[in-house]
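Contents: one structure, followed by commentary.
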Amino acid sequence: MRAEFDESLVTGNEMIDAQHKELIDKINKLLDSCETGEGKVAAIKTLDFLADYTEFHFGEEEKLQAEIEYPGIEKHKEEHEKLRIVVKELYEMLEEEEGPSAAFVEQVNKNVIEWLYRHIKGFDTSVAEYKFMREDGERL
């Protein structure tokens, strides 16, 4: 399964939407490295790239939430931590299986792509709506 950014993932916040597109691109690059049989080293390097970008993105989201005094920030941070754990487990899986396997790809699909879709449609959309309502209220 390839990750795809579609209308259902648009939050309305340009910065967050652009970062989500980039994050999906990184996930697809990880899947590509698995499918082309580039091996363990390539998969680890691509996973490093995904992990680094995820950290950057989570930092930007959390900074935005702090700036707008988003009331659900702690729960949102907990959700981010869940993906950090998944990424750690993916590293362990690459080590144990000596490279990307079908099971590894399945875990990326289930625990990264599906998590991301749920997270964007729920948590991130809520933040964007809160920011919009807060800004709109300040204009009144």
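The values are calculated or read from the model by the stated rules, or taken from the named source; none is laboratory data. If you're wondering where the values come from, they're calculated on a predicted model, not measured in any experiment. Please note: Cβ atoms are built from the backbone with ideal geometry, for glycine as well, and neighbour counts cover all protein chains shown.
The set of residues from the stretch 33-58 being more than 14 Å from I113 (Cα to Cα), out of contact with any Pro (no Cβ under 9 Å at 6 or more places or on another chain) and not β-branched (V, I, T) comprises K45, D48, F49, D52, Y53, E55, F56, H57, F58. Checked against the criteria, V105 does not count as closer than 16 Å to M1 by Cβ, surrounded by 19 or more Cβ atoms within 10 Å (Cβ to Cβ) and out of contact with any His (no Cβ under 8 Å at 6 or more places or on another chain).
Among the criteria (1) acidic (D, E); (2) surrounded by 15 or more Cβ atoms within 10 Å (Cβ to Cβ); (3) in a helix (DSSP H, G or I), the one E38 does not fulfil is (3). Filtered by the rule that a residue be touching a residue at least 60 places away in the same chain (Cβ under 8 Å) and either assigned to a loop (DSSP other than H, G, I, E, B) or more than 17 Å from Q19 (Cβ to Cβ) (or both), the stretch 102-132 gives F104, V105, V108, N109, E129, Y130, F132. Cβ-Cβ distances below 6 Å connect the following pairs, each with a first residue in the stretch 53-79 that is among the aliphatic types (A, V, I, L, M), a second residue that is surrounded by fewer than 18 Cβ atoms within 10 Å (Cβ to Cβ) and assigned to a helix (DSSP H, G or I), and a separation of six or more residues or different chains: I68/R134.
Scanning the stretch 89-101 for residues that are in contact with a helix residue (DSSP H, G or I) (Cβ under 9 Å, 6 or more places away or on another chain) and in a helix (DSSP H, G or I) yields E89, L90, Y91, M93, L94, E95.
Within the stretch 45-81, if we keep just the residues that are among the β-branched types (V, I, T), in a helix (DSSP H, G or I) and modelled with pLDDT of 90 or more, the residue that is nearest to E106 (Cα to Cα) turns out to be T54.
Entry remark, the stretch 108-140: residues being surrounded by fewer than 16 Cβ atoms within 10 Å (Cβ to Cβ) and either under 22 Å from G39 (Cβ atoms) or of a type in the set (V, I, T) (or both) number 1 in total.
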